[in-house]
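*Asks:* Structure incoming, see below.
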Amino acid sequence: MIHRRLIRSKIILVASAALFLALSGCGGNPQGGSKGGSALNNAPSEVASVYKANCVNCHGTELQGRVGAVTNLQQVGSRMSAADITQQIEEGGETMPAFKDRLTANEIAGLAQWLANNK
């Protein structure tokens, strides 16, 4: 019985560490990565800069998503309005951190409007 608890504890610890590492990359500035994919070519330069500095680690340079299918933003405008996207950026969600204290209202609005046009 004690052996099973020890194994279970180790599994939980490893799974928690893996989840922490995956989520800690979100919102950071990628070091030595791509300077931005073609999906960013249609973004205003200010929006592209904010995206690269805060979003690319989880959502990818092509908006393809890097932390599961839910992080794919390639056609996010087909399923979410600019208001919905704004709320998601500000408040975060299941695995997404909130950015209302890290980004200005103008930065959030710019991201939301640009992403809402991805249909």
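The values are calculated or read from the model by the stated rules, or taken from the named source; none is laboratory data. These numbers were taken from a predicted model, which means no experiment stands behind them. For neighbour counting, all protein chains shown are included, and Cβ atoms are generated from backbone atoms with ideal geometry for every residue, glycine included.
*Asks:* Are any residues in the range 79-94 more than 16 Å from Tyr51 (Cβ to Cβ) and among the hydroxyl-bearing types (Ser, Thr, Tyr), and if so, which ones?
*Replies:* Within the range 79-94, Ser81 is the sole residue that qualifies.
*Asks:* Within the set of pairs 6 or more residues apart or between chains, which connect a residue that is more than 11 Å from Leu73 (Cα to Cα) inside the range 49-63 to a residue that is at pLDDT 95 or above and surrounded by fewer than 19 Cβ atoms within 10 Å (Cβ to Cβ) with Cβ atoms less than 8 Å apart?
*Replies:* Within 8 Å, the pairs are Asn54/Arg102.
*Asks:* Okay, moving on. Restricting the search to the range 67-111, which residues are of a type outside the set (A, V, I, L, M), touching a helix residue (DSSP H, G or I) at 6+ places or on another chain (Cβ under 8 Å) and in a helix (DSSP H, G or I)?
*Replies:* Thr71, Gly77, Thr86, Glu90, Glu107, Gly110
*Asks:* Identify the residue in the range 37-64 that is of a type in the set (Gly, Ala, Ser) and crowded, with 17+ Cβ neighbours inside 10 Å and, among all such residues, is nearest to the chain's Cα centre (by Cα).
*Replies:* Of everything passing the filter in the range 37-64, Gly60 is nearest to the chain's Cα centre (by Cα).
This table checks each residue for (1) over 13 Å from Val50 (Cα atoms); (2) in contact with a strand residue (DSSP E or B) (Cβ under 9 Å, 6 or more places away or on another chain); (3) touching a residue at least 60 places away in the same chain (Cβ under 8 Å).
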residue: Gln74; (1), (2), (3): yes, no, no
residue: Gly77; (1), (2), (3): yes, no, no
residue: Met96; (1), (2), (3): yes, no, yes
residue: Asp101; (1), (2), (3): yes, no, no
residue: Thr104; (1), (2), (3): no, no, no
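*Asks:* Might you check whether a residue that is more than 14 Å from the chain's Cα centre (by Cα) and either crowded, with 16+ Cβ neighbours inside 10 Å or at pLDDT 90 or above (or both) occurs anywhere in the range 65-77?
*Replies:* Yes, the range 65-77 contains at least one residue that is more than 14 Å from the chain's Cα centre (by Cα) and either crowded, with 16+ Cβ neighbours inside 10 Å or at pLDDT 90 or above (or both).
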